[in-house]
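Heads up: the structure comes next, in C-alpha cells.
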Amino acid sequence: MNSQHLLLVQKNLTKAIGRLSERQRFSEAQNRLWSESITENGWEDINLIEGEKSGEIMREYLTRILSLSYEAYRSNNSNYRAAAVLGLKHWYALNPVNWNWWWNDIGKQRLLGATALFLKSLGEEEIIDAIAADMPLKPSMTGANLSDLCHGVAIGALLTCNERRFIEAMRALITTFEQTSEEGIQADFSYQQHGAQIYNGGYGESFYNIAIIWAYACHGSLFQFEPLVNQRLLDYFEQGTMWMTYSGQFDFNVCGRAVAKPSLEKPDYYHTLANHTELLIEMYPQFQYRLSRCKHYFEHRESYPYAGFKYFWRSDYAALVNPDYAVYVKANSCRTEPIEQGNQENLKGGWLGFGSMNISVTGDEYQDVFPVWDWRFVPGVTAPSEVREPTEWGKVEQSTLWAGGVSNGQCGLMTYELDYEGSHGVKSWFFFDGVVVALGSGLKSDSRSPLVTTLNQIHRCDDFYLDGEKTTVNGEWNATWVYHNRCGYISHQLGAINVTSEERCSSWRTINKHLNDEPISNDVLTMTINHGVKPSNASYAYSILPNSDLVKTEKYLSAPKAEVRINRPDLQAVKYKSLHAIVFKQPNQIDLQEGWTLDVDKPCVLLAQRNGRDWHITLATPGESHTVNIQVRNGNLTQSVSIETPDGRDAVGRSVSVRLAFLDS
C-alpha cells in the first residue's frame, strides 16, 4: 500500500533532482545519439565489464542512463525511455562489481537512485524493482559516508513504500547535521573527514548534496526536520561553502585527494551550488535577498556576494574573499592533518596543507594544471625541493601547537610553524584589502636539497612582466617583482624571486593511477625564493596584489599600503593603514609608532586598530587557551586588559575582541 506521506516526499525529491538535472543537461543531439546507438549489449564505446577495474567506466555508463531517464521524464519521450530501460537491462545482466567498495555501495546508488525516481514517474516498475534491490537496507559508517548510505536507504524505502525504513534513514541522516569534534561539521563550519582533515570539497560536498535535497524533500511533510536541524544546513552553506567557492568550485585545499582528478572531478559544480541556493530560498523565503545574491553568482559567474576574511580555527585554514578575488591558505599542526592520498590518487601532493596557497582572480589559474605541476614547488609552501608522497588516508604529521589565525571580519592574519623532518621556521600571512603580505623567519633545514619558498605555480598567460619588462619567451630569470595574469608579486628582498616559464608535458596517471596516460602539455609559470642548502636562519618577505594591473603594481612599489615592521622568529608584524597585525610567538613588546607601545605576556596573534584615543584589539591564541594580559601605553596614559581566550576542543583558536578606551586625564 502506498504511503501518501512518502508519495509527497518522493514528489519533492524528484522535483529537486530534476532541477539539478535541468541545469546539467546534455545537449539534445548528445541524448539522441546515445538513445539511437544503444543495443541490448550497451554502447559500443563502453566495455562495461571493465567497470570492475574502473569506477570511471561505471560513472560514464550510468550517467548516460540517468540523462536518458531525465529526458524521458521531462518530455515523456518514449525513445529515451526505452533506451534507458534497455541500458539498465544490460547493466543488470553484467552487474559489474568494482574493486573499490565505494562504487558498489555508494557511487552507483547515487546515479541509479535518481534514475529510478524519473522512471518510477513513468511507470517502469520491473526495472525499478531491480534498482530498489541495489539500495542498502540499513545506515552505517560515519560522516559523509553515513549520509550517502542514508540516501541509499531512503531511496530504497521510497521505491518500496517502506515508511519504517524511511524514518530510520532520516533519523540517521539528521545525526550527520550535528556539530562535532569528530568527522563531520565543525564549530567553524569547516568539514572534516578521515581524521582532522579539512574536506568541505569532496566528502563535505557529498554530505551537503545529500542533506539539502532531503531537507527540501521532507519540508512541509510529516517527516519535516526540526527548525534547528535545517538551520545548521543554512549556516553550513553560508559560513562554510560560500567562503570556499569563489570560482564556482571549491578551493583545491579543501578537496583532499580530488586534486588529482580532472577539474577536481566536478567542472560544473557551480550548477549544483546554484541548485542548493534555490532549494534554500524555498525553505527560507525570509532570507531570499541574501540567498538570491548567491544564486545569481553561481548562475552568472559574476558579482561574488562576500567580502572579508575568515579563519577556520578547527582546520587551520584561512580565506580572504571579495567580488574580485580570493586567497586561501591551508596549514597543519598537532591538531590537524595535511592532505591525503588514497585509492592511488594524489600520489605527489605531500606538501599540500603545509601552507599551500590558492590565489584566484580569473578562477581558472589552476584549472587542470596539476598533472604538469612540479610538485616540489606547491604555492605558498616552504619545503626542501623534493617531491613528497602524501600519507595514505591522512594523519597528523606535525607535533607543533603553533598554527592559528585572527580575524576582525574584514582583515586578519594566519601563522603556522613548519616543524617537519628537519625543516623548521615560522610562516605567517597578513590579509588586507587588496594585498596579502607573506613573511617567513628562522627558516632552516637539514635536507641535502635546497629549501625553497614557492610564491605560485600556475598556467602561464601572455600578460607577463618581470621588473616592468614584458616577457614573451620561456626561460629562467631573477626579479624583484613580477606581474602576471592580473596579479602582482613583490619581493621585499632585492632580486629574490626566481622565475621559470616553460612548457611541460605529463599525464594524469602520474598523480592518479586510475586515469589515462595521454600526454598533456601546458605552459607553466613558477615563482620561488631559494634559501639554499641547509640554511640556518633564512627569511623571506613578499607581497601579493590580487586583481591588480601593471600600473597599480608599479605604483604600489613606490608607495606600499602594507608596511613590514618586523620579521623575526619570535615576532612578526605588518602595518596596514591604522591596523597593526602582529604575531607574538612569545611574550614581547612592540612599538606601535606615534608614541604608542603594546605588551603581551603570552604567545598570541592579534589585530590592534587605533580609533582616536581608543584601541580595538582582536586576539586569538593558536593551539591552546590562555589568559593574555595586554598593556597599551602612550607616555603617562596606560590601559591594561586581561583577555581569556576560548577553551574546549571546539573553541580553541577562536578570535576575541575588546576595546580599550583612553579617557582624558
Taking segment 300-352, which trypsin sites (Lys or Arg not before Pro) meet the DSSP loop condition and have no more than 16 other C-beta atoms within 10 Å?
301
Please name whichever of 369, 347, 309 sits farthest to the positive end of the charge dipole of segment 283-428, dipole taken about the Cα centre and charges placed at Cβ: Lys and Arg +1, Asp and Glu -1.
309
Once you have a ≥ b ≥ c as the square roots of the Cα gyration tensor eigenvalues for segment 560-665, tell me rounded if a/c is under 1.5, and otherwise prolate or oblate according to whether a/b is larger than b/c.
oblate
Measuring from the longest principal axis of the C-alpha atoms of the chain, the long axis of helix 163-175 (C-alpha) lies at a number of degrees, nearest 10, equal to 10
Any idea of residue 529's accessible area? Nearest 10 Å², probe 1.4 Å.
10
Between helix 269-283 and the chain, what is the angle of the helix's C-alpha long axis to the longest principal axis, kept within 0 to 90° and rounded to the nearest 10?
80
Suppose the chain between residue 503 and residue 121 were pulled fully straight at 0.36 nm per residue; how much longer would it get relative to their current alpha carbon spacing?
132.3 nm
Note the angle between two axes, namely the Cα long axis of helix 28-37 and the longest principal axis of the Cα atoms of the chain, as a number of degrees from 0 to 90, rounded to the nearest 10.
50
By accessible area with a 1.4 Å probe, ligands and nucleic acids excluded, highest first: order of 543, 27, 449:
27, 449, 543
Per-residue [θ]222 nm for the chain (sum of -39500 (n - 2.57) over DSSP H runs n ≥ 4, rounded to 500):
-9000 deg cm²/dmol
How far apart, in nm, are the 7 Å Cα→Cβ label points at residue 474 and residue 552?
3.1
Can you work out the Karplus-derived ³J(HN,Hα) for every residue in segment 216-224? Use 6.51 cos²θ - 1.76 cosθ + 1.60 with θ = phi - 60°, whole Hz, and x for glycine or proline.
5, 4, 8, 4, x, 10, 4, 9, 3
Which of the three applies to the chain, rounded, prolate or oblate, going by the alpha-carbon gyration tensor with a ≥ b ≥ c and a/c under 1.5 meaning rounded?
prolate
Residue-level accessible surface for residue 650, protein heavy atoms, 1.4 Å, Å²
50
By the scheme Lys and Arg +1, Asp and Glu -1, what is the net charge of all other residues having a beta-carbon under 12 Å from that of residue 626?
-3
Specify the inter-centroid distance of segment 306-341 and segment 133-198, based on alpha-carbon positions, in whole Å.
26
Farthest toward the dipole's positive end in the chain, which of 609, 254, 560, given Cβ charges of +1 (Lys, Arg) and -1 (Asp, Glu) about the Cα centre?
609
Per residue accessible area of the chain, 1.4 Å probe, in Å²
38
Length-normalised contact order for the chain - Cα pairs under 8 Å, 6+ apart - percent
9
Of all accessible heavy-atom area on the chain, the percent that carbon and sulfur account for (1.4 Å)
46
Just tell me which aspartates and glutamates come within less than 17 Å, Cα to Cα, of residue 561; anything on the same chain fewer than 8 places away is out.
433, 549
Phi-derived 3J(HN,Hα) across segment 387-401 with the Karplus relation (6.51, -1.76, 1.60, θ = phi - 60°), rounded Hz, x for Gly and Pro, is 6, 10, 7, x, 6, 5, 6, x, 6, 5, 10, 10, 9, 6, 7
Relative to the Cα centre, what is the charge dipole magnitude of the chain, using +1 at the beta carbon of each Lys and Arg, -1 at the beta carbon of each Asp and Glu, and rounding to the nearest 20 debye?
1100
Counting only DSSP loop positions in segment 31-95, the GluC sites (Glu not before Pro) whose Cβ has at most 11 other Cβ atoms within 10 Å are 40, 44
To the nearest 20 debye, what charge dipole does segment 66-128 have about its Cα centre, counting +1 at the Cβ of each Lys and Arg and -1 at the Cβ of each Asp and Glu?
120
Quick one: 3J(HN,Hα) in Hz for segment 7-22, Karplus 6.51/-1.76/1.60 with θ = phi - 60°, rounded, Gly and Pro as x.
5, 5, 4, 4, 4, 5, 5, 4, 4, 5, 5, x, 4, 5, 4, 5
Which sequence of 164, 171, 257 reflects their accessible areas, 1.4 Å probe, from the largest down?
171, 164, 257
For residue 91, what accessible surface area do you get with a 1.4 Å probe? Give it in Å², rounded to 10.
0
Can you classify segment 400-490 as rounded, prolate or oblate using the Cα gyration tensor, where a ≥ b ≥ c are the square roots of its eigenvalues, rounded means a/c under 1.5, and otherwise it's prolate if a/b beats b/c and oblate if not?
oblate
What spacing in nm lies between the two simple spin-label points modelled at residue 60 and residue 536, each 7 Å away from Cα in the Cβ direction?
5.8
Given pairs 89/261; 395/602; 555/575; 108/138; 310/427 and cut-off 22 Å on Cα-Cα distance, the over-length ones are 89/261; 395/602
Got a sec? What order do 102, 393 fall in by accessible area at 1.4 Å, biggest, i.e. largest, first?
393, 102
Rounded to whole Å, give me the distance from the Cα center of segment 534-550 to that of segment 593-638.
27
Counting only residues 5 or more places away or on other chains, whose amide H sits under 5 Å from the amide H of residue 432 once H atoms are built in the peptide plane?
437
Could you size up the charge dipole of segment 25-116 around its Cα centre, putting +1 on the beta carbon of Lys and Arg and -1 on that of Asp and Glu, and report it in debye to the nearest 20?
360
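The values are calculated or read from the model by the stated rules, or taken from the named source; none is laboratory data. Since the structure is predicted, the reported quantities are computational estimates derived from the model, not experimental observations. Cβ atoms come from the backbone with ideal geometry, glycine included; neighbour counts cover every protein chain shown. These area figures cover heavy atoms from the full protein model, side chains too; ligands, DNA and RNA do not enter into them. Shrake-Rupley method; radii C 1.70, N 1.55, O 1.52, S 1.80 Å.
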